[in-house]
Amino acid sequence: MVELAKDFRTLLRVAWLTEMEYRANFLISIVGALAYNASQLLFISVLLHAFGGVAGWTGPQVFVLFGIRMASHSVCAFFFRRMTDLDTVVHTGEFDRYLLRPVSLFLQLLMRRFNLQQFGDVVIAAAVLGFALPRAAIDWTPAKALWLVAAVAAGGMLEAGLQLVRGALSFRWTNTESMTGLIETVFGTFGNFPLQVFGGVGAVFFTLVLPLAFVGWIPAAMLLGRQDSLWFPGWLGWWSPLVGVGCFALAIVFFGRQSRHYASPGS
């Protein structure tokens, strides 16, 4: 664990120096992320202004949900963005080098390059939560604050796990890159709202089939005392971070098994 922490610090330093070599590109990427997330905020603001709330959730409550979803996405993007590169790693033959090193294949993929261009996501998530949390009348306790941190981290791990599973399919399939944008679009479009707005079938689908609910809706409902909006017993929501951790662990196992089917392109 100590060696991993040292590797992480080294990678972070190298990433920072690399990004600073192309400062204009670095700044443009941050501005682009800010602009995209600002457009989502504008859409939600217009919707709330027109209807006063969504599925019985007040404006501040919806913004808390959006902030939690964005914070989870920031964890995924900041720490696990390289999951989306697996197609490239496989198809270019870069994976050949991974097989020659006495280091975990997954860790080599994870540390392929540290991503600093997601600061825009981090800034938006922090600003939204900083605005919404004080206005949502939450009965804070130290345990609830720690639970929120765990839920955000687990949400990021869940999204990263889905991207890792998608990428691992490239060991067998020709190309899975189109699924990357699909996952991000679904999370960024549907994940910003209380999922009961899509009806009972939609809420169940986004919980059991595509576990989007664990990234924003369930954590926000538990934090805000809106367990009444969930379709299952509310006390189960407190265990929701385990779903993200479990999905990520299963994704790593799936990645390892699929990697056995790797066939070098010979490049």
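Observations on the model:
- Checked against the criterion of being closer than 29 Å to Ser264 by Cβ, surrounded by 15 or more Cβ atoms within 10 Å (Cβ to Cβ) and in contact (Cβ under 8 Å) with a residue 60 or more places away in the chain, the candidates Gln196, Gln163 yield just one match: Gln163.
- Any chance Thr84 is of a type in the set (Ser, Thr, Tyr), surrounded by fewer than 18 Cβ atoms within 10 Å (Cβ to Cβ) and in a helix (DSSP H, G or I): no
- Matching entry among Ala24, Ala50, Ala38 (being part of a helix (DSSP H, G or I), of a type in the set (A, V, I, L, M) and at pLDDT 75 or above): Ala50
- Counting only residues that are farther than 17 Å from Met70 by Cβ and either within 23 Å of the chain's Cα centre (by Cα) or not β-branched (Val, Ile, Thr) (or both), region 92-133 holds 22 of them.
- Test: Thr207 is more than 11 Å from Leu65 (Cβ to Cβ), surrounded by 17 or more Cβ atoms within 10 Å (Cβ to Cβ), within 16 Å of the chain's Cα centre (by Cα) and polar (S, T, N, Q): yes
- Flag if Val123 is touching a residue at least 40 places away in the same chain (Cβ under 8 Å), crowded, with 18+ Cβ neighbours inside 10 Å and out of contact with any His (no Cβ under 8 Å at 6 or more places or on another chain): no
- Single residue of Ala71, Ala33, Ala15 found to be surrounded by 14 or more Cβ atoms within 10 Å (Cβ to Cβ), part of a helix (DSSP H, G or I) and at pLDDT 80 or above: Ala71
- Residue selection: Gly130 fails the criterion of being closer than 24 Å to Leu41 by Cα, among the small types (Gly, Ala, Ser) and in contact (Cβ under 8 Å) with a residue 40 or more places away in the chain.
- Region 41-68 - residue that is crowded, with 20+ Cβ neighbours inside 10 Å and hydrophobic (A, V, I, L, M, F, W, C) and, of those, farthest from Phe248 (Cα to Cα): Trp57
- Residue satisfying condition, being touching a residue at least 40 places away in the same chain (Cβ under 8 Å) and loosely packed, with under 12 Cβ neighbours inside 10 Å, within set Ser229, Ser240, Ser259, Ser264: Ser264
- Where helices (runs of 4 or more DSSP H) fall wholly inside region 140-247, the ranges with 3 or more residues that are closer than 18 Å to Val75 by Cα are 142-168, 177-190, 217-224.
- Taking the numbered list (1) β-branched (Val, Ile, Thr); (2) closer than 30 Å to Pro60 by Cα; (3) assigned to a helix (DSSP H, G or I) in turn, Val90 passes all entries but (2).
- Whether a residue is over 19 Å from Val64 (Cα atoms) and crowded, with 19+ Cβ neighbours inside 10 Å was assessed, and Ala251 passes this test.
- All conditions but one from (1) within 17 Å of the chain's Cα centre (by Cα); (2) closer than 30 Å to Asp87 by Cα; (3) crowded, with 21+ Cβ neighbours inside 10 Å apply to Ala168; the one that does not is (1).
- If you filter region 226-267 down to residues that are within 21 Å of Asn175 (Cα to Cα) and of a type in the set (A, V, I, L, M), you find that the one that is modelled with the lowest pLDDT is Ala263.
The values are calculated or read from the model by the stated rules, or taken from the named source; none is laboratory data. All of these numbers come straight from a predicted model, not from anything done at the bench. No Cβ is skipped: glycine too gets one built from the backbone with ideal geometry, and neighbour counts run over all protein chains shown.
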